[in-house]
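To start, the structure under review is shown below, and the notes come after it.
The values are calculated or read from the model by the stated rules, or taken from the named source; none is laboratory data. Predicted model only: the values in this text are computed from it and were never measured. Every residue, glycine among them, receives a Cβ derived from its backbone with ideal geometry; neighbour counts consider all protein chains shown.
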Amino acid sequence: MILNPRDPVRILRILTICILSLMTCWGLAQVFILIKPYWGDEWRLIYNIKFKSPDELWGALEYTQQFPRVYLQIMKALMSWLGYSYISLRLPSLCIGIIIMLCSYRVMNKIFTPDSVTRFFFVFLIVSSVTFLDYYVQVKQYTMEILLSVVAVWQMSEIIDIGFGRSPGKWMYLVLCISFFAAPFFSYTYPIAVAPVFIVGVLQLFIFSKGDISTKQKLLLTVRQWVPLLLCAMGILVFYVIDVSKLMVDPEMHGYWNYRMITGGSGFFFVAGKLWDLFAQRGSGLIFEIIIGIIGTCAFFYGVIGWLRMRWKPVLESIDLLRLYSIFVVVLTICLFFAAKIPIEPKFNVYTAPSIAILIIWLMDAMLAQTRFRKWAVIIIAVVYLQLVGNFLVTSINQFTGPEYAKRIRIYEATEKAIKEAQRSKLPIMVTAGVAFPDAIANYVPNMAPIPAASVLKCFPAYDNAQNLPVYTLDDMSDIKGDMKNLPSSVLFVMAGDGLTYQIVKRAD
């Protein structure tokens, strides 16, 4: 196959497919080959999944963890069925990550024209962000947050199409209704991402033209458009009652979030820095964050000005309303930040990624359409594409190189081996905080409950819940026999270690 250099769309399509395929293979390698040890926050969540019953998971979680409970129940069932193995703990996030890539590509093809050279930004800005790369196969909920933000864009596009008389087929409409009702149960940030869908729906109902159709047809379209939205409202209400309402009265949760929120004493630089992060955090690495931060900020203001210049006249292009939706997502996030309802940090605002991508594409397309800006637009597009591709490669390499990673994998392998030997010999285990390297358990986030070394060790896949082998926390390795005096008198031998090395120690006479 010979590629024509004058056909950039085809080149970028092939490049995108190759990168997504490479990312899929890399994710599969991390799941099916033991090369990615767990870290502090994962241990905290794994402990809840592994040692709490399904009924207990509906209550407060240990170690300041919060997780959509329906999603958590599904993960519990899957991981329990697979014996809490390394693969079972990594598999859910990988599957969701792959679905993100497929959905992003499909939504991109739906909302942008085939000849658009900038449309691939939509996919790349999502899958090359620091949040996606960091949590690609981690035992956390952030991949689901990303997926549902993409789903919200698809839902918005379908609602817009229905309002313009381009209704989907019966089965697709059923899928749309189900997705609107079910999505809230899997994400705490989805309600923020979907709220502007209601706003745009109301504007389309009263302001934007549905075309030259009869009153009966308009009424039918309105009903078809608002049934999914009403189902969504019902889903959010039920989700609030069974999940969010309990979260809101959790004192540990409030303590954990307080220091992240804006306050009356927050200075100018704190506020400006956070607003900058809202756009820059789509990138990963200093240079990439600066580039995306500048482009994203300019794209947002360009979008706001562009819509104000339209003077709210009736429009018939779906992409125009998708741009308006994207502006509302960003504005809503900023308003919630100033109202001290949410913080601005990469993983907590990841739902804005698709909207910011749409606004950046709008700006790049506008620059390409202007002769005097076209050269600069081409340069910017080329640089950003190279940064996006390079970001994935460099970030992936950095995660699995260096002395820190080498020590972490040694701890994981040594501890797994020690657990198996202790269970085979029925020996209690004593372990220091080093088992959780490089996360210093004593130095946790303010107001975040620490997780003891003993609990960390129990989270290892090798630890068998059914055997329930006793595990004790050890301050250090200097006086193991002295520390054993605090154990039950029936304990004559223990497997003691600091994560890297383990030894069988006999109780002092």
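Descriptive notes on the structure:
- Tallying residues that are part of a loop (DSSP other than H, G, I, E, B) and either modelled with pLDDT of 90 or more or in the same structural domain as D464 (by TED's automatic domain parsing) (or both) within segment 40-64 yields 4.
- Test: residue in segment 374-382 that is assigned by TED's automatic domain parsing to the domain that holds G201, touching a Pro at 6+ places or on another chain (Cβ under 7 Å) and in a helix (DSSP H, G or I): no
- Of residues in segment 351-382 being among the aromatic types (F, W, Y) and in contact (Cβ under 8 Å) with a residue 60 or more places away in the chain, the one farthest from S104 (Cα to Cα): W362
- Test set (1) touching a helix residue (DSSP H, G or I) at 6+ places or on another chain (Cβ under 6 Å); (2) outside any strand (DSSP E or B); (3) surrounded by 19 or more Cβ atoms within 10 Å (Cβ to Cβ) - K458 fails condition number: (1)
- Residue match in segment 23-36 (condition: without any contact (Cβ under 8 Å) to a residue 60 or more places away in the chain, part of a loop (DSSP other than H, G, I, E, B) and more than 23 Å from T118 (Cα to Cα)): yes
- Index of the failed condition, Y38 passing every other in (1) among the hydroxyl-bearing types (S, T, Y); (2) over 21 Å from K347 (Cα atoms); (3) surrounded by 16 or more Cβ atoms within 10 Å (Cβ to Cβ): (2)
- Single residue of E62, E56 found to be within 28 Å of P461 (Cβ to Cβ) and in contact (Cβ under 8 Å) with a residue 60 or more places away in the chain: E62
- In the set T395, T401, only one residue is outside any helix (DSSP H, G or I) and at pLDDT below 85; that residue is T401.
- Count of segment 80-113 residues which are of a type in the set (S, T, N, Q), over 19 Å from the mean Cα position of the chain (by Cα) and assigned to a helix (DSSP H, G or I): 2
- Candidates in segment 160-193 are the residues that are of a type in the set (G, A, S) and assigned to a loop (DSSP other than H, G, I, E, B); of these, the one that is farthest from the chain's Cα centre (by Cα) is G165.
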